[in-house]
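Taken together, the values in this text are just the output of simple stated rules run on the coordinates, not laboratory data. Everything quoted here is computed from the prediction, not taken from an experiment. FYI the Cβ positions are ideal-geometry reconstructions off the backbone, even for glycines, and counts take in every protein chain you see.
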Amino acid sequence: MIIDGKVISQSLKDAMKIEVDALAEQYGRRPCLMVIIVGNNPASRSYVRGKIKATEYCGFDGHLVELPEDCSEATLLAEIDKLNNDPLVDGILVQLPLPKHISEDKVIAAISAEKDVDGFHPENVARLWLNQHCILPCTPKGIIELLDQAGVEIAGKKAVVIGRSNIVGKPVAKLLLDRNATVTIAHSRTKDLAAVCREADILVAAVGRAKMVTAEYVKPGAAVIDVGINRTEDGKLVGDVDYEAVLPVAGAITPVPGGVGPMTITMLMRNTIECFLNRMNNK
Ligand code: GUN
């Protein structure tokens, strides 16, 4: 089975569009997401376009704030501060990576935790690991949603996550653990990685190396979630999984593009609604 992130994502966005109209009626305004981009990184520009498009589709308020590549850290922090203090702004996202002269850690910590729709703020990360109410990071949240929508059982299963990043590997492992999977976090230096992965009922690949996960990594019937975004020499977008080789072995698989990617943006919309509701209800 191919898990079609595009189709699942579209139906979730259609439902949110209706929900947002009802929220506007009820609360007298729409959820508002502000997206900040610094500089001209082409990949970042393309991601941000997708986020703004989804914002418009779902009927949110908000727009893109564009700052030049040579913008100072102080200018960016002042812009964030302005949005933190704007009562009509529910969500703030600063697209990463930032130019070298700006500290990403400082910027992430400067965003008000209650408006941190990415779920990257240290307070949200801590709350996730303490099982407290928090904003979940979008990609891990989207992966769990994809597994649920595809009818993949999580409880009682063995999950292996390849990758230990703060944005994907670690939080997705925590969410799988919370759903009662038994979770192994593996990485590029794991000894006999293929044998470790072959144990998995659910295999999540988030390493950033094209075609790293071959058929020998996959237990027959396993669900394979490909979080990789890699460019081949001829500019084609490919995941971490050798899709053609793994497809006949896996019980379910997410394609790249059209798997996890669209879900990340859809969960960003979900998080914006949650931030809006938390703020309107003063939670
Ligand atoms: N750059 C790549 N992925 C992301 C993301 O999910 N959020 C932000 N802010 N920047 C990113």
Burial order of peptide ranges 56-62, 125-131 (average beta-carbon count within 10 Å, highest first): 56-62, 125-131
Extension length gain for Val196 and Glu153 (0.36 nm per residue less Cα distance), in nm, is 13.5 nm
Cβ neighbours within 10 Å, averaged per peptide: list 216-225, 133-142, 248-257 in order, most packed at the top. 133-142, 216-225, 248-257
When the dipole is taken about the Cα centre of the chain, and only Lys, Arg (+1) and Asp, Glu (-1) are charged at their Cβ, what size is it in debye, to the nearest 20? 500 debye
How far, in nm, would the chain grow between Lys106 and Ser72 when pulled straight, counting 0.36 nm per residue and subtracting the alpha carbon separation? 11.0 nm
For Glu56 and His187, compute 0.36 nm times the residue count separating them, minus their Cα-Cα distance, and round to one decimal in nm. 43.4 nm
Positive-end residue, segment 30-78 charge dipole about Cα centroid, Cβ charges, pick of Val35, Ala54, Leu76: Ala54
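Net charge around Arg179, counting only other residues with Cβ within less than 13 Å of its Cβ (Lys, Arg = +1; Asp, Glu = -1)? Could the numbers behind the result be given before it?
Numbers: positive: Lys141, Lys157, Lys158, Lys174; negative: Glu145, Asp148, Glu153, Asp178, Asp201.
Here the count lands on -1.
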With labels modelled as points extended 7 Å from the Cα through the Cβ direction, what inter-label distance (nm, one decimal) is found for Ala126 paired with Arg231? 3.8 nm
What does the charge dipole of segment 3-156 about its Cα centre add up to, to the nearest 20 debye, if the Cβ of each Lys and Arg holds +1 and the Cβ of each Asp and Glu holds -1? 240 debye
